[in-house]
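Right, one structure below, let's go through it.
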Amino acid sequence: MRRFLMSIFRFYIEASIHVSIAIFALFQIFLLKNNLNAYLPLSAVVLFGSITGYNFVKYAPLAKLHHRSLTAFLRGIQFFSFLSFLLLVFYGAQLPIQTLLVFALGGALIFLYAIPVVVSKNLRSFSGAKIYVVALCWVLTVVIAPTVHFGLKTDWKFVMHCLQIFVLVVALIIPFDIRDLKYDTENLRTLPQVFGVKKAKIIAGILLVLFVIIEIAIQKKPESFWISGLVSFMTVSFIYNTKDTNPKYYCSFFIESIPIVYWMFVGLIA
């Protein structure tokens, strides 16, 4: 029974379900903060698009090189990704063209991130680009897509929302870069590679302080301050304790659970 539950949990993580729910959580938080109703096709595209995009980045090169020798586990992820893609297309067909264009931009970034198109290089190969490409894709999905879909104003609050998600995602990625420090090539120029682990953690802390400041400026509610402060403190604690000897799923489960916990807190006061 334990082995069965562990296999389910492994599939849940490795098939990008957990990280996609984290993206979905930040998307739902944006809706709650702006008093917007969750439109099913839009929400579905966010969830299934995230699963499709993450699995494409993770497994497309592997499937191309070893398509005849994929394990049953990877074939299961491949099949699940295909179903997610079909659902993405089904619900995407129900969205207006202007919303689809935003998602198309995110899809193009994902494609360029994973597939070499310029002198046998993808975006991930360009020095220092990785963390910002990923953060930009999250901003497109979480803030820009619903803003365009619901016709919200692109005023200073919109800019602050974009910046807030951007700094949060960059901070959340830093633990993964610390975890992968001994595996990443030098040309990636991740923050821990450039500044060292200690300074990268300090940068994450500064970004999270900025996250709280932006929350205060946008919401101006005491409860929003306490929630954002609690989420930031929790994130800083996890980042501070990040090292290359952490358990296997320390980052991919616990760190990526933070947006989900954040969603629960915001939902309680909405």
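The values are calculated or read from the model by the stated rules, or taken from the named source; none is laboratory data. In this text, all values refer to a predicted model and were calculated from it rather than measured experimentally. Methodologically, a virtual Cβ is constructed for each residue, glycine included, from the backbone with ideal geometry; neighbour enumeration extends over all protein chains shown. For the accessible areas, the whole protein counts, side chains as well, though only heavy atoms, and no ligand, DNA or RNA atoms are used. Shrake-Rupley method; radii C 1.70, N 1.55, O 1.52, S 1.80 Å.
Going through (1) modelled with pLDDT under 95; (2) part of a helix (DSSP H, G or I); (3) open to solvent by less than 30 Å² (accessible area, probe 1.4 Å) one by one, GLY128 falls short only on (2). Against the test of being among the aromatic types (Phe, Trp, Tyr) and open to solvent by less than 30 Å² (accessible area, probe 1.4 Å), the options PHE233, PHE211 yield a single qualifying residue, PHE211.
Got a number for residues in segment 230-270 being without any contact (Cβ under 8 Å) to a residue 40 or more places away in the chain and among the β-branched types (Val, Ile, Thr)? Write out each step before concluding.
Initial filter on segment 230-270 (without any contact (Cβ under 8 Å) to a residue 40 or more places away in the chain): 230-234, 236-237, 240-241, 245, 247-248, 254, 261, 264-265, 268.
Remaining after also requiring among the β-branched types (Val, Ile, Thr): 231, 236, 245, 261.
The total comes to 4.
Close contacts from segment 20-37, counting a first residue that is farther than 10 Å from PHE150 by Cβ and a second that is in a helix (DSSP H, G or I) and modelled with pLDDT under 95, with Cβ to Cβ under 6 Å and a gap of 6+ residues or different chains, come to ILE29/VAL266; LEU32/VAL266. Do the conditions hold for VAL261, that is, is it in contact with a Phe, Trp or Tyr (Cβ under 7 Å, 6 or more places away or on another chain) and either of a type in the set (Gly, Ala, Ser) or modelled with pLDDT of 95 or more (or both)? In short, no.
Counting only residues that are of a type in the set (S, T, N, Q) and touching a Leu at 6+ places or on another chain (Cβ under 7 Å), which one in segment 25-59 is nearest to PHE11 (Cα to Cα)? Residue satisfying both the conditions and the ranking: THR52.
In the set THR141, THR154, THR185, only one residue is open to solvent by 10 Å² or more (accessible area, probe 1.4 Å), among the hydroxyl-bearing types (Ser, Thr, Tyr) and touching a residue at least 12 places away in the same chain (Cβ under 8 Å); that residue is THR141.
Each residue in segment 29-54 was checked for being over 20 Å from SER252 (Cβ atoms) and open to solvent by 20 Å² or more (accessible area, probe 1.4 Å), and 9 pass. Of all the residues in segment 138-157, those that are part of a helix (DSSP H, G or I) and modelled with pLDDT under 95 number 2. Does SER16 qualify as being of a type in the set (Ser, Thr, Tyr), touching a residue at least 40 places away in the same chain (Cβ under 8 Å) and closer than 20 Å to PHE253 by Cβ? In short, yes. Looking across ALA44, ALA22, one residue alone is at negative phi, touching an Asp or Glu at 6+ places or on another chain (Cβ under 7 Å), assigned to a helix (DSSP H, G or I) and not basic (Lys, Arg). It is ALA22. Whenever a residue of segment 55-79 is part of a helix (DSSP H, G or I) and open to solvent by less than 50 Å² (accessible area, probe 1.4 Å), it has no partner that is among the charged types (D, E, K, R) and modelled with pLDDT under 85 lying with C-beta atoms less than 8 angstrom away and at least six residues away or across chains.
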